[in-house]
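Engineer: Handing you a structure now.
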Amino acid sequence: MLNTGRIFFGVAIAGIGLPAIYYKDFPYMLLPQQDFRFPGHVALIYFSGVILILAGICIVFKIKIRPVSFLLGFMLLLIFCFYYIPYQFIVNPNYKHLLEWDNAGKELALAGGAFVIASCFFEKTKNILNGFSEKLMRYGSILFSIPIVTFGLLHLLYAKDVSTLVPRWVSYPVFWTYLAGIGLMGSGIAIILKIKPGVIAALLGAMIFIWFIILHVPRVINSPVTDLEGEVTSAFLALAYSGTAFVIAGANK
């Protein structure tokens, strides 16, 4: 389960970087504002896309996986702390609405996932990152679980809107939306409080992977070209969350 989760996460990180390069746009969850332009912004987009792709490849093939995963998580955490948070409180007038923090939560979950990967996969040789990273990576599962709880709460608060994402062939979409919200909230809280984290994380990973298969993949296939970039990124985000949960489950066996 550890290696399955690692591969899921690595593939997802590389997959998030690919649309950035192809569409010459930042992944929608990477930065809170997508309509700005500045000298050299295209070069920065390419740079971020290449970094994500290389990090994903390193994670999949276990190439310097500990420092790569740690630096990836640290980079995402820096963006969250020093870009997302100031933007929300200074620029965004609707910062009190939980929905406005959705993309910030997605980035924080990825940062937590990267720290989880770094804490479970590392080379036997010691490096300068070991002492510092171990103190921070123990909180990776918490950084991952807090957004999972908020995602569940959003499912409950906006159940009617979220239910429209449920495939048409699934009956009682509102019921499944509420059930998914409760499952996300319960799983996140259980992992934070270490209540059977192995079993709970495995169930969480399986649930999100099922969503990836029956919800995200069809949406990618059937979405118009104008929406394809966002749908591809959303699908890979789901795969990254599933992979993180599986790694947490494997680490707690």
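Engineer: Highest GNM mean-square fluctuation, the chain, Cα pairs closer than 10 Å: which of TYR87, TYR172, TYR139?
Structural biologist: Result: TYR172 has the largest fluctuation of those listed.
Engineer: Continuing with this model, one more query. Listed highest first by mean packing, meaning other Cβ atoms within 10 Å per residue, what order do 73-80, 99-106, 158-165 come in? The partial results should precede the final answer.
Structural biologist: Numbers: 73-80: 19.2, 99-106: 17.8, 158-165: 14.1.
Packing order, densest peptide first, comes out as 73-80, 99-106, 158-165.
Engineer: Now a separate question. So what J values fall out for the range 225-237 if you push phi through Karplus, 6.51 cos²θ - 1.76 cosθ + 1.60 with θ = phi - 60°, rounded to Hz, Gly and Pro as x?
Structural biologist: Rounded to whole hertz, the list is 4, 5, 9, 5, 4, x, 5, 5, 4, 4, 5, 5, 4.
Engineer: I want to check the label-to-label distance for ILE195 and SER223. Put each point 7 Å from Cα in the C-beta direction and report it in nm to one decimal.
Structural biologist: Rounded to a tenth, the inter-label distance reads 3.4 nm.
Engineer: On the full set of protein chains, 1.4 Å probe, figure out the accessible area of ARG219 and give it in Å² to the nearest 10.
Structural biologist: Answer for ARG219: close to 80 Å² accessible.
Engineer: Right, next: If you scale each eigenvalue of the Cα gyration tensor by 5 and take the root, what three semi-axes come out for the range 172-253, rounded to whole angstrom and sorted largest first? Intermediate results must be reported in sequence, preceding the final value.
Structural biologist: Working: eigenvalues 138, 45, 16 Å².
Calculated on Cα positions only, the semi-axes equal 26, 15, 9 Å.
Engineer: Might you tell me the accessible area per residue for the chain, computed with a 1.4 Å probe and given in Å²? Kindly include the intermediate steps, with their values, before the conclusion.
Structural biologist: Values: 13020 Å² over 253 residues.
With the other protein chains kept in place, the chain gives 51 Å² per residue.
Engineer: Assuming R0 = 25 Å, what is the FRET efficiency of ILE63 and HIS41, from their Cβ-Cβ distance, to the nearest 0.05?
Structural biologist: Numbers: r = 29 Å, r/R0 = 1.18.
Calculated transfer efficiency: 0.25.
Engineer: Next question, about the same structure. Going down the list LYS64/LYS196; LYS106/LYS194; LYS160/LYS194; LYS64/LYS96; LYS160/LYS253; LYS24/LYS160, which pairs span over 29 Å between their C-alpha atoms?
Structural biologist: On the way: LYS64/LYS196 31 Å; LYS106/LYS194 22 Å; LYS160/LYS194 32 Å; LYS64/LYS96 40 Å; LYS160/LYS253 37 Å; LYS24/LYS160 33 Å.
Where the Cα-Cα span goes over 29 Å, the pairs concerned are LYS64/LYS196; LYS160/LYS194; LYS64/LYS96; LYS160/LYS253; LYS24/LYS160.
Engineer: Karplus couplings for the range 22-32 from phi (6.51 cos²θ - 1.76 cosθ + 1.60, θ = phi - 60°), rounded to Hz, Gly and Pro as x?
Structural biologist: Whole-Hz 3J(HN,Hα) from phi for the range 22-32: 5, 8, 6, 8, 5, x, 4, 8, 6, 10, x.
Engineer: Give me the percent of accessible area attributable to carbon and sulfur for the chain, probe 1.4 angstrom.
Structural biologist: On the way: 9150 of 13020 Å².
Heavy-atom surface of the chain belonging to carbon and sulfur, 1.4 Å probe: 70 percent.
Engineer: To continue, here is another question. Please name which of ILE85, SER119, ALA180 has its Cα lying farthest along the dipole of the chain towards the positive end, using unit charges on Cβ (Lys, Arg +1; Asp, Glu -1) and the Cα centre as origin.
Structural biologist: Result: SER119.
The values are calculated or read from the model by the stated rules, or taken from the named source; none is laboratory data. Everything numeric in this text was worked out from a predicted model, so none of it was measured. Cβ coordinates were reconstructed from backbone atoms using ideal geometry, including for glycine residues, and neighbour counts include every protein chain displayed. In case anyone asks, the SASA skips ligands and DNA or RNA and just uses the protein heavy atoms, side chains included. Shrake-Rupley method; radii C 1.70, N 1.55, O 1.52, S 1.80 Å.
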